[in-house]
Amino acid sequence: MNIIVCIKQVPNTTDVRIDPVTNTLIREGVESVINPFDAYAIEEGVRLKERFGGKVTVITMGPPQAETALREAISLGVDEAVLLSDRKFAGSDTWATSYTLSAAIRKIGAFDLIICGKQASDGDTAQVGPGISAHLDIPQVTYVKKIEDISANAARVERMTEEGYDIVETPLPCLLTVVKEINTPRLPSIKGMMRAKSAKPVKWTACDIEADAGSMGLDGSPTRVIKIFTPAPRKGGEILKGGTEYVSKELVELLKDIVIH
Amino acid sequence: MDYLLTEQQVMIRDLAAKIADEKIKPVAAHYDETEEFAWPIMKILADSDLFGVYIPEQYGGLGGGIMDMCLVTEELSRACAGIALGFAGTGLGAIPILLYGSEEQKKRFLPDIAKGKRLAAFCITEAEAGSDAGSIKTSAKKQGNSYILNGTKQWITNAGEAEVYTVIAITDKAKGARGASAFIVEKETKGMDFGKKEKKLGIRASATREVIFTDCEVPAENLISKEGMGFIIALKTFDNSRPGVAAQAVGIAQGALDHALEYARTRVQFGQPISSFQAVQHMLADMGTQIEAARALTYAAARMIDSGAKSAAKESAMAKVFASDTAMKVAVDAVQILGGYGYMREYPVEKYMRDAKITQIYEGTNQIQRNIIAANMIKESIKK
């Protein structure tokens, strides 16, 4: 089974700061890590490989230092790593990112399964995984919390919903995005870390993946970020005090106000 | 302090520290309370390759030595010295095979130990043979192509959980200490049984049981080296393993100090953190200094062994004595700094005090260690 796992390097913080001028993430001075949701994707890929054989290829688009994330993936059991790095990719939105990743996946060639984390902890869009499947025209199942069964040409998975889960059957090849309930990622092994140290990730530019110039980077991104701001914190609610009759009357009046406005 | 570790040793230490902090610390109190054997942690250690750090590469290990074993033991012990014994006790059981095993024995047993697929244990102590190891009674009688083992080993670390046991037994009673031999006995061997699990003061996550041999037939190919080598093998094994006990003690001491420091910074009395009081500061300073000295001595002894020194008996014993006495003192002081909280089982510090005590007792009491140190010093002085 040939599995491709798409990962992203993100700032290791829940306190993401935004440059007020450029509306982009401030990455300086913040340690970078593999997006936590992608760690589950890597683990699931490696577990499938351990069960069924084949190989796991991890791919990321990012600046040259994203190679660190690829090496970490190798230390966790991934076989091969591809880094897509080119100034032409800079400023990509989720559309352009998923286009670029899909072009690279086409170049990699035969695969049975693509696994992504459900979303990145910095952008939080959850759009790149589904975008890749659209660009490649393959089925997708999002928010997967368990792979119940998988064969050479089909998979049955549990897709998390707010109330419970759906059981979805899909032909392969397909794309899955996974949630944290799917597994517990392992720690690296020493042998894995030594392999990661000497590994040479493949590096591809826009030219290597024959990407369409108008579909990548800032120019290829239909999204325009007008403004990024932190929403004002919610004000505390109002507690009505007094007898039941008084409180219920007050409440009705307040609700009426809301409806009228 | 920078101990000039190799790149691989830094990797090993950091991964062991990560496992200690993320996987062991959250469950240390649970295993201490329930006295269960922490198999889920053993699985994590196995998957991380740490069981193989001191085993040569040709047998599936990472090719390091006693120093690497010490780094892992220290980090794991910082979180739980009992759980760490699953690792360190396996090392003790594997060392006789590493030092004296035949090529065939090494190929048969070391790869599984390196992978963490099988734990190991070392069996020498008996009810009447503790510090006086020469009075062991477990016998091994040659019969055809086998040895028949009879006798009871006591307080065996990892017993019942481990699958590979190195056992010291008497093959020729008439020869006294020269009549002992070492055998490898596998868990499923008929005639090998385990006593009940001992209830202990500390290191309660570690399994300690009797190992009982009743007409236990061990193939002659499992004899390590040759008949009569048992005590030499045992002595050399302890010379190699004692820095591991020292490392365990350093880890316990460091874990206790870390808690004491954090508490001292945050505990407010008389309107200020107690870390601002000189009485507390001086205790912390002594604890930190003694731990660093113990660590330096431990690493020096481990490196002396790894460098191939002819004998490191004295240095090994020095490291074991100094580090274990330090652990006991530091743990007691850590409880003192936490005061009433330190005495409560709800807080982790009293466990360090209970765990520390064993390091002064096992693998040769500290009194026996001082005998070894003095005997070697006197011998060296005569040679001059």
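List the residue pairs whose Cβ atoms are under 6 Å apart, where the first residue sits in region B:123-139 and is assigned to a loop (DSSP other than H, G, I, E, B), the second is of a type in the set (S, T, N, Q) and crowded, with 20+ Cβ neighbours inside 10 Å, and the two are 6 or more positions apart or on different chains.
B:THR125/B:GLN154; B:ALA127/B:GLN154
Just checking, which of A:GLY29, A:GLY91 is outside any helix (DSSP H, G or I) and without any contact (Cβ under 8 Å) to a residue 40 or more places away in the chain?
A:GLY29
Out of (1) surrounded by 23 or more Cβ atoms within 10 Å (Cβ to Cβ); (2) in contact with a Pro (Cβ under 6 Å, 6 or more places away or on another chain); (3) aliphatic (A, V, I, L, M), what's the single condition that is false for A:VAL30?
In the conditions (1) surrounded by 23 or more Cβ atoms within 10 Å (Cβ to Cβ); (2) in contact with a Pro (Cβ under 6 Å, 6 or more places away or on another chain); (3) aliphatic (A, V, I, L, M), A:VAL30 misses (1) alone.
Given region A:112-189, what strands (runs of 3 or more DSSP E) lie entirely inside it while holding 3 or more residues that are surrounded by 18 or more Cβ atoms within 10 Å (Cβ to Cβ) and modelled with pLDDT of 95 or more? Working first, answer last.
Details: elements: A:113-117, A:140-150, A:154-160, A:165-171, A:174-178.
Fully inside region A:112-189 and qualifying: A:113-117, A:140-150, A:154-160, A:174-178.
Every residue in region B:296-327 that is surrounded by 19 or more Cβ atoms within 10 Å (Cβ to Cβ) and without any contact (Cβ under 8 Å) to a residue 40 or more places away in the chain, please.
Those that are surrounded by 19 or more Cβ atoms within 10 Å (Cβ to Cβ) and without any contact (Cβ under 8 Å) to a residue 40 or more places away in the chain: B:MET304, B:GLU315.
Looking only at residues in region B:72-114 that are farther than 19 Å from B:ASP239 by Cβ and among the small types (Gly, Ala, Ser), which one is surrounded by the most Cβ atoms within 10 Å (Cβ to Cβ)?
B:SER77
Looking at region B:113-136, can you tell me whether even one residue there is more than 20 Å from the chain's Cα centre (by Cα), modelled with pLDDT of 95 or more and of a type outside the set (S, T, N, Q)?
Within region B:113-136, not a single residue is more than 20 Å from the chain's Cα centre (by Cα), modelled with pLDDT of 95 or more and of a type outside the set (S, T, N, Q).
Is there a residue being under 21 Å from A:THR100 (Cα atoms) and modelled with pLDDT under 95 anywhere in region A:41-50? Quick ask: steps written out before the conclusion?
Taking region A:41-50 first, the residues under 21 Å from A:THR100 (Cα atoms) are A:41-42.
With modelled with pLDDT under 95 added as a condition, the list becomes none.
Taking every residue of region A:41-50 in turn, none turns out to be under 21 Å from A:THR100 (Cα atoms) and modelled with pLDDT under 95.
Residues are listed down the side, and each one gets a yes or a no for (1) in the same structural domain as B:LYS137 (by TED's automatic domain parsing); (2) of a type outside the set (A, V, I, L, M); (3) within 25 Å of the chain's Cα centre (by Cα); (4) more than 24 Å from B:CYS80 (Cβ to Cβ):
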residue: B:GLY179; (1), (2), (3), (4): yes, yes, no, yes
residue: B:LYS187; (1), (2), (3), (4): yes, yes, yes, yes
residue: B:LYS190; (1), (2), (3), (4): yes, yes, no, yes
residue: B:PHE194; (1), (2), (3), (4): yes, yes, yes, no
residue: B:LYS199; (1), (2), (3), (4): yes, yes, yes, no
residue: B:ILE203; (1), (2), (3), (4): yes, no, yes, no
residue: B:GLU217; (1), (2), (3), (4): yes, yes, no, yes
residue: B:GLU221; (1), (2), (3), (4): yes, yes, no, yes
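Whether any residue in region A:50-58 is within 17 Å of A:PRO173 (Cα to Cα) and assigned to a helix (DSSP H, G or I) is what I want to check.
Step one: filter region A:50-58 for residues within 17 Å of A:PRO173 (Cα to Cα), giving A:52-58.
Going one step further and asking which of them are assigned to a helix (DSSP H, G or I), we end up with A:52.
For region A:50-58, residues within 17 Å of A:PRO173 (Cα to Cα) and assigned to a helix (DSSP H, G or I): present.
Taking the residues in region A:152-194 that are within 14 Å of another protein chain (Cβ to nearest Cβ) and hydrophobic (A, V, I, L, M, F, W, C) as candidates, determine which candidate is nearest to A:VAL78 (Cα to Cα).
The residue in question is A:MET193.
I need the full set of residues from region B:36-54 which are buried (at least 24 other Cβ atoms within 10 Å of the Cβ), in contact with an Asp or Glu (Cβ under 6 Å, 6 or more places away or on another chain) and more than 11 Å from chain A (Cβ to nearest Cβ), in order please.
Correct list: B:TYR54 only.
Restricting to region B:9-35, name every residue that is surrounded by 20 or more Cβ atoms within 10 Å (Cβ to Cβ) and either more than 14 Å from every other protein chain (Cβ to nearest Cβ) or at pLDDT below 95 (or both).
Selection gives B:ALA28, B:TYR31, B:ASP32.
Within the bounds of region B:36-58, is there any residue that is touching a Cys at 6+ places or on another chain (Cβ under 9 Å) and either small (Gly, Ala, Ser) or assigned by TED's automatic domain parsing to the domain that holds B:ILE358 (or both)?
Yes - at least one qualifying residue is present in region B:36-58.
Filter region B:143-182 for residues that are in a loop (DSSP other than H, G, I, E, B) and within 22 Å of B:GLY89 (Cα to Cα) and give the result.
Scanning region B:143-182 gives B:ASN158, B:ALA159, B:GLY160, B:GLU161, B:ALA162, B:GLU163.
Which condition number does A:ASP38 fail, the rest of (1) under 21 Å from A:VAL178 (Cα atoms); (2) at pLDDT below 95; (3) under 17 Å from the mean Cα position of the chain (by Cα) being met?
(2)
Tell me, yes or no, whether region A:161-177 has at least one residue that is in contact with a helix residue (DSSP H, G or I) (Cβ under 9 Å, 6 or more places away or on another chain) and among the β-branched types (Val, Ile, Thr).
Among the residues of region A:161-177, at least one is in contact with a helix residue (DSSP H, G or I) (Cβ under 9 Å, 6 or more places away or on another chain) and among the β-branched types (Val, Ile, Thr), which makes the answer yes.
Under the condition of being aliphatic (A, V, I, L, M) and not in a loop (DSSP other than H, G, I, E, B), which residue from region A:195-231 is nearest to the other protein chains (Cβ to nearest Cβ)? Break it down into steps so the answer makes sense when it comes.
Of all residues in region A:195-231, those aliphatic (A, V, I, L, M) come to A:196, A:199, A:202, A:206, A:209, A:211, A:213, A:216, A:218, A:225-226, A:228.
Pick out the ones that are also not in a loop (DSSP other than H, G, I, E, B) and you get A:196, A:202, A:213.
Numbers: A:ALA196: 10, A:VAL202: 24, A:ALA213: 43 Å.
If we take residues in region A:195-231 being aliphatic (A, V, I, L, M) and not in a loop (DSSP other than H, G, I, E, B), then A:ALA196 is nearest to the other protein chains (Cβ to nearest Cβ).
If you check every pair at least six apart or on different chains, which have Cβ atoms under 9 Å apart with a residue in region B:173-197 that is in contact (Cβ under 8 Å) with a residue 40 or more places away in the chain first and a residue that is basic (Lys, Arg) second?
Close Cβ pairs (under 9 Å, with a partner that is basic (Lys, Arg)) amount to B:GLY179/B:LYS173; B:SER181/B:LYS226; B:ILE184/B:ARG108; B:GLY195/B:ARG209; B:LYS197/B:ARG209.
Quick check: anything in region A:203-210 aromatic (Phe, Trp, Tyr), under 20 Å from the mean Cα position of the chain (by Cα) and either at pLDDT 95 or above or surrounded by fewer than 16 Cβ atoms within 10 Å (Cβ to Cβ) (or both)?
No, region A:203-210 contains no residue that is aromatic (Phe, Trp, Tyr), under 20 Å from the mean Cα position of the chain (by Cα) and either at pLDDT 95 or above or surrounded by fewer than 16 Cβ atoms within 10 Å (Cβ to Cβ) (or both).
The values are calculated or read from the model by the stated rules, or taken from the named source; none is laboratory data. Model, not experiment: these values are computed from the prediction. Cβ coordinates were reconstructed from backbone atoms using ideal geometry, including for glycine residues, and neighbour counts include every protein chain displayed.
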